[in-house]
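Below: one structure, written as structure tokens.
The values are calculated or read from the model by the stated rules, or taken from the named source; none is laboratory data. Remember, it's a predicted structure, so these values are computed and weren't measured experimentally. A quick note on method: Cβ atoms are made from the backbone with ideal geometry, for glycine too, and the neighbour counts reach across all protein chains shown. Keep in mind that these areas ignore ligands, DNA and RNA; they rest on the heavy atoms of the full protein, side chains included. Shrake-Rupley method; radii C 1.70, N 1.55, O 1.52, S 1.80 Å.
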Amino acid sequence: MPHFVRLPGPRFQGHLGKTCHHMERPQLEVPIFGPEAGVAAVRNGATRLELNRAGSYAVGGTTPTVDELRALLASLNQAGLPRPAIRIMIRPRGPPSPSPLYSSSNSQPHLHDFIYTPEELSSMAAAISVSLAVPLLNPAYGDGFVFGVLRYAAPAEQVTTVDDHIAKGQPPPPLALDIEANRHLVSLAGPYPCVLHRAVDDLLAQAPGAGIKEVLKDVLACGFDGVLTSGGPGSAAGNLEGLKGVLAAAASAEAAGVGGDGTKRREVEVVVGGGVRRGNVSTEAPTTMLLQTCAVAATYLAASLPVVAGQTFQRLGTCPDLGCIIPPDQQDFLPGQEFDIRFEIHAPQNGSEAAVPNAVPDANFTATITRTGGDGQGKAKGKGKGKGNQESVQSITTFFGLDSEPALETWTFSWYEDLFARDARTPSVVKVASRAYRRVALYEPGEYVVTLEYTYGGQKKTTTATWTVRQLATKKKTKNVIFFIGDGMTTNMITAARLLAHKTVNGRYQSLLALDGFPVLGHQMTHSIDTFITDSANSASALYTGHKSSVNALGVYADSSPDPLDDPKVETIVELLYRIWGSAWGAVSTAFIADATPAALTGHSRARGQYGVLVDQALNGVRNYSWTKTDGPDVYFGGGAEQFIPGSGSYQGKNYYNEFANKGYSVSWNRTALLSAPSDKKALGIFCRSNLPVWLDRHIFPENVESLNNDPSGARGPAKDLPGLKDMTLKAIDVLHERGGEKGFFLMSEAASIDKQMHAMDYDRALADLLEMDDTVRATIEKLRELGILDDTLIVVSADHGHGFDVFGSSDTKYAAAQADSRSKRNAIGVYERSGLSHYVLPPPEGTGYSTGPNFPLNWDPRYVLAAGVVAHPDVRESYGVDPKPRSPAQSRGGQYYARDAEGFLVNGTLPTDQAQGVHSLTDVPVYAMGPCQEEFGGTYSNIDVFFKMAGCLGLGHGKNQTRSG
């Protein structure tokens with residue numbers, strides 16, 4: 001049973017949270033009244049915030065605005081703090097005046113503190129809906145709502161005003177939970193947990209002793225996940241016996257065994273609030289007794305939970321045992337590549353893994369390492385000299401020559417064991433003891449075995465991991481590397497793009513894509529470390545580090561700690577390249593520059609959404625630990641002005657245009673400035689807010705670009721004079737070639753919106769951006785040839801993952817439009833012999849030419865279009881053909897997504913109903929290679945091998961600590 005104590009937001013200062021944070025006590029929730037107090041609360045130990053409207057402290061808190069929620073999240077992001085759970089107060093007003101129970105000015109009996117008018121109930125429902133309509137809350141963080149609605153237990157005609165009661169000497173009428181109203185609000189909240197506000201305290205006062213269980217049954221019947229209580233009216237300190245009764249009732253099988261449907265086993269979260277202060281949490285003996293009662297209650301609950309095992313949710317993906325080694329088993333390292341190590345000991349408090357009541361993680365665990373293969377002399381690096389060898393088993397500290405053992409860390413986290421647990425909102429809680437060893441390296445090729453020993457339930461346990469250090473690669477075989485990433489690009493998309501832009505005669509193409517001319521083609525498998533469907537963050541990390549990670553993680557192995565910036569890091573290819581050779585490097589993207597693919601080059605965070613932090617890491621490196629610095633990118637081109645304009649989106653609210661300029665960068669906001677920027681100077685180019693408009697809108701439907709409000713300066717209006725991927729890439733080559741000189745360079749160039757438009761099922765826009773990338777590859781080859789460095793440059797073109805997309809025929813758009821019903825429209829699709837030939841390469845009607853060059857379609861809107869689709873999508877209406885407006889396939893109704901009203905026939909979705917767009921797929925993705933080391937890239941291999949192949953060609957695998965010319 002989770003239990004929280006609450007310290008008051010307005011008086012929450014410094015040592016209060018710290019005192020609570022270091023006690024083996026319940027977690028700390030802090031009510032805040034406006035977003036400003038959130039940063040201080042989290043810094044002082046709060047794991048959850050209750051957000052109230054600014055200025056509503058005097059009335060006990062009321063519903064905040066969406067802008068206040070947005071400002072709170074921005075403040076936490078700017079401060080670089082971990083994202084806490086956020087509970088939104090849903091309360092239209094405080095206690096009525098003049099009486100906290102009734103209003104003598106109104107004969108209607110609804111004006112009790114938690115008895116609301118129909119209009120007020122409608123405003124509460126609207127507040128929940130508005131909060132869910134903006135993508136700010138996430139149930140995975142523990143976000144939710146706090147509210148409560150009461151009614152009078154007596155019939156309405158028997159209830160009179162407070163004046164009548166006073167005059168007649170009558171007691172107030174009894175109160176009860178308004179189960180119908182509360183159920184309605186809980187249902188609106190959907191998957192988000194809901195806690196009953198202190199309205200429950202009035203009910204507890206009416207039902208002391210055994211009646212508490214009946215109150216909690218009603219709470220569960222409403223669908224609430226917990227109660228915010230002081231144990232009765234007044235302060236928690238004055239209601240210790242009442243609180244103990246609540247906790248005992250919540251933990252009992254009778255109270256916890258009944259859910260909203262009368263059958264589900266439910267857990268009741270108890271949030272202790274009202275008069276909780278530093279003194280009575282940390283020192284008073286009665287409170288200590290209360291907290292001991294909490295622990296007993298948790299034990300009872302753990303015993304009552306069903307044993308479950310599920311794949312959808314994982315305690316920690318890389319840790320199947322209770323002892324965790326991170327990096328985990330079967331990981332590969334480049335010789336000399338720096339990384340962190342973390343050991344975690346998990347002690348489940350409930351759920352199917354909780355074999356020991358009130359388990360405490362073993363803080364006296366030991367970890368050792370030994371080398372099992374090679375020439376007999378292992379080499380390691382830490383703060384001192386490595387002393388490991390083949391025969392000896394040594395402690396981590398000794399092996400890596402560290403000065404001392406790192407400090408022991410402890411924390412608690414929770415997770416859902418499977419979908420049933422999620423639906424019932426019964427998380428499993430885990431206590432953790434951990435140590436992290438920072439910035440170590442292994443230099444000698446061979447296998448290393450790491451052993452973690454710990455005690456659980458009085459028994460000795462062991463976890464082992466085998467690490468492999470690959471072969472040395474100390475000599476450069478190529479001077480430069482250009483790595484093109486078509487985000488989400490698959491072989492099927494490349495095939496479709498070729499059909500759009502290149503004509504066939506009797507089955508033979510008359511021209512081909514630039515990719516078709518590459519001499520070597522391979523394929524990479526895209527699985528992440530703990531799931532077989534990946535995202536762009538951890539897949540990019542695998543390509544740049546040689547280490548798989550978890551969804552949303554960049555440059556780290558995900559651990560279970562509260563701080564997403566302290567997870568074990570791994571050195572990236574540009575960090576290695578700069579440290580060893582001092583080479584220049586750059587990133588170009590049609591996404592916002594803090595997006596996963598460009599950010600993963602230098603980013604080290606478990607949370608890809610920390611955009612401001614990631615931009616700062618690109619410029620200044622990791623701040624919280626000693627780590628490799630790259631002196632910032634030599635070239636940084638893309639969108640995402642939100643992280644540069646001073647304000648809520650930038651790190652610490654700073655002006656990052658100025659931060660880059662102060663470090664010697666030219667700054668460009670449009671194509672003209674970009675092309676005229678000096679090539680001997682570091683270059684920053686941020687050309688719009690958010691992602692760059694796609695190729696199709698820039699060239700074919702410019703009215704879509706002109707209607708945007710994305711000026712990179714922050715001014716209102718559209719970004720103008722936009723560069724494309726080719727402009728940015730060719731300029732980047734100029735800068736990197738001049739600045740890299742004999743030391744060479746590394747450039748990553750991403751066509752980001754192949755993926756983004758595939759998510760939106762806007763296939764024409766996705767394929768147009770793929771053709772833009774192919775055109776850029778063609779121009780890059782010519783540019784390198786002009787500079788005389790084509791033979792010195794390895795060009796790799798690949799993707800980070802795929803989508804389940806393919807073409808299966810054609811569609812006659814004229815015939816489809818003439819059909820009256822959805823089913824008849826499907827007969828416009830031509831398959832096999834009726835698929836015909838591509839009409840995109842035929843001249844368009846007179847006056848509609850696009851003049852977009854020989855590598856793009858002549859006609860984007862022919863009568864006969866590709867019939868194509870993805871296998872994973874929400875409900876959608878499909879008519880095929882180009883849409884003049886960017887596509888949004890589904891719309892939300894009541895928290896679920898349905899097909900948007902549009903022309904075409906209905907295609908039933910294949911995804912969960914909370915998914916608004918398409919998702920990634922399992923497919924292997926192609927790898928094209930040209931230049932030095934091209935022969936290394938044939939065959940089928942893991943995505944991590946792309947890194948090892950590029951790193952080997954760049955001579956980054958060294959048997960000693962190599963820095964620049966060292």
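Within the range 809-818, can one find any residue that is among the β-branched types (V, I, T), under 23 Å from R765 (Cα atoms), assigned to a strand (DSSP E or B) and in contact (Cβ under 8 Å) with a residue 40 or more places away in the chain? Scanning the range 809-818 turns up no residue that is among the β-branched types (V, I, T), under 23 Å from R765 (Cα atoms), assigned to a strand (DSSP E or B) and in contact (Cβ under 8 Å) with a residue 40 or more places away in the chain.
Candidates G957, G938: the one that is of a type outside the set (F, W, Y), in contact with a Gly (Cβ under 9 Å, 6 or more places away or on another chain), under 24 Å from D792 (Cα atoms) and surrounded by fewer than 20 Cβ atoms within 10 Å (Cβ to Cβ) is G938. Scanning the range 565-581 for residues that are open to solvent by 10 Å² or more (accessible area, probe 1.4 Å) and within 16 Å of M748 (Cβ to Cβ) yields one hit, Y578. Being closer than 29 Å to L500 by Cβ, polar (S, T, N, Q) and surrounded by fewer than 24 Cβ atoms within 10 Å (Cβ to Cβ) holds for only one residue in S749, S753, S713, S798, and it is S798. Return yes or no: is D806 assigned to a strand (DSSP E or B), over 26 Å from R579 (Cα atoms) and in contact (Cβ under 8 Å) with a residue 12 or more places away in the chain? The answer is yes for D806.
R826 - would you say it is open to solvent by 50 Å² or more (accessible area, probe 1.4 Å) and part of a strand (DSSP E or B)? Considered against the rule, which asks whether it is open to solvent by 50 Å² or more (accessible area, probe 1.4 Å) and part of a strand (DSSP E or B), R826 comes out as no. If you go through the range 911-935 and keep only what is surrounded by fewer than 21 Cβ atoms within 10 Å (Cβ to Cβ) and either acidic (D, E) or under 28 Å from S187 (Cβ atoms) (or both), you end up with L911, P912, T913, D914, Q915, A916, V919, D924, E935.
Here V281 passes the criteria (1) surrounded by 22 or more Cβ atoms within 10 Å (Cβ to Cβ); (2) touching an Asp or Glu at 6+ places or on another chain (Cβ under 8 Å); (3) at pLDDT below 50; (4) β-branched (V, I, T) except the one numbered (2). Taken together, T490, T455, T474, T478 contain a single residue that is open to solvent by 20 Å² or more (accessible area, probe 1.4 Å), closer than 30 Å to P598 by Cβ and not basic (K, R), which is T474. For the range 53-79, residues that are in contact with a Gly (Cβ under 6 Å, 6 or more places away or on another chain), surrounded by fewer than 18 Cβ atoms within 10 Å (Cβ to Cβ) and outside any loop (DSSP other than H, G, I, E, B) total 1.
For (1) part of a loop (DSSP other than H, G, I, E, B); (2) of a type in the set (F, W, Y); (3) surrounded by 19 or more Cβ atoms within 10 Å (Cβ to Cβ); (4) modelled with pLDDT of 95 or more, each residue gets a yes or a no:
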residue: C324; (1), (2), (3), (4): no, no, yes, yes
residue: G336; (1), (2), (3), (4): yes, no, yes, yes
residue: A347; (1), (2), (3), (4): no, no, yes, yes
residue: E353; (1), (2), (3), (4): yes, no, yes, no
residue: P357; (1), (2), (3), (4): yes, no, no, no
residue: P361; (1), (2), (3), (4): yes, no, yes, yes
residue: A367; (1), (2), (3), (4): no, no, yes, yes
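On inspection, K720 fails the criterion of being in a helix (DSSP H, G or I) and open to solvent by 40 Å² or more (accessible area, probe 1.4 Å).
Among residues of the range 395-417 that are of a type in the set (S, T, Y) and assigned to a loop (DSSP other than H, G, I, E, B), those with a Cβ under 7 angstrom from a residue that is modelled with pLDDT under 95 and open to solvent by 30 Å² or more (accessible area, probe 1.4 Å), sequence gap 6+ or separate chain, pair up as Y416/F313; Y416/R422. For first residues located in the range 776-788 and in contact (Cβ under 8 Å) with a residue 12 or more places away in the chain and under 18 Å from E738 (Cα atoms), partners that are of a type in the set (A, V, I, L, M) and open to solvent by less than 20 Å² (accessible area, probe 1.4 Å) and lie 6+ apart or on another chain with Cβ distances below 6 Å form the pairs K783/I733.
Note on the range 889-945: enclosed strands (runs of 3 or more DSSP E) holding 3 or more residues that are over 16 Å from A872 (Cα atoms) are 890-893, 925-930, 939-942.
For the range 493-512, check the following and say yes or no: at least one residue is open to solvent by 40 Å² or more (accessible area, probe 1.4 Å), closer than 30 Å to G741 by Cα and touching a His at 6+ places or on another chain (Cβ under 8 Å). No: the range 493-512 contains no residue that is open to solvent by 40 Å² or more (accessible area, probe 1.4 Å), closer than 30 Å to G741 by Cα and touching a His at 6+ places or on another chain (Cβ under 8 Å). Residues in the range 694-733 that are closer than 19 Å to G649 by Cβ and touching a Gly at 6+ places or on another chain (Cβ under 9 Å): L708, N709, N710, D711, P712, G714, A719.
Going by the conditions given, is N908 surrounded by fewer than 21 Cβ atoms within 10 Å (Cβ to Cβ) and either touching a His at 6+ places or on another chain (Cβ under 6 Å) or not hydroxyl-bearing (S, T, Y) (or both)? Criteria met by N908. Across the range 601-622, the qualifying residues are those that are among the hydrophobic types (A, V, I, L, M, F, W, C) and part of a loop (DSSP other than H, G, I, E, B), and the one among them that is most open to solvent (accessible area, probe 1.4 Å) is A607. Only one entry of S561, S589, S539, S550 meets the criterion of being surrounded by fewer than 24 Cβ atoms within 10 Å (Cβ to Cβ) and in contact with a Ser or Thr (Cβ under 8 Å, 6 or more places away or on another chain), and that entry is S561. In contact with a helix residue (DSSP H, G or I) (Cβ under 6 Å, 6 or more places away or on another chain) and open to solvent by 10 Å² or more (accessible area, probe 1.4 Å) - does that describe any residue in the range 193-202? Within the range 193-202, none of the residues are in contact with a helix residue (DSSP H, G or I) (Cβ under 6 Å, 6 or more places away or on another chain) and open to solvent by 10 Å² or more (accessible area, probe 1.4 Å).
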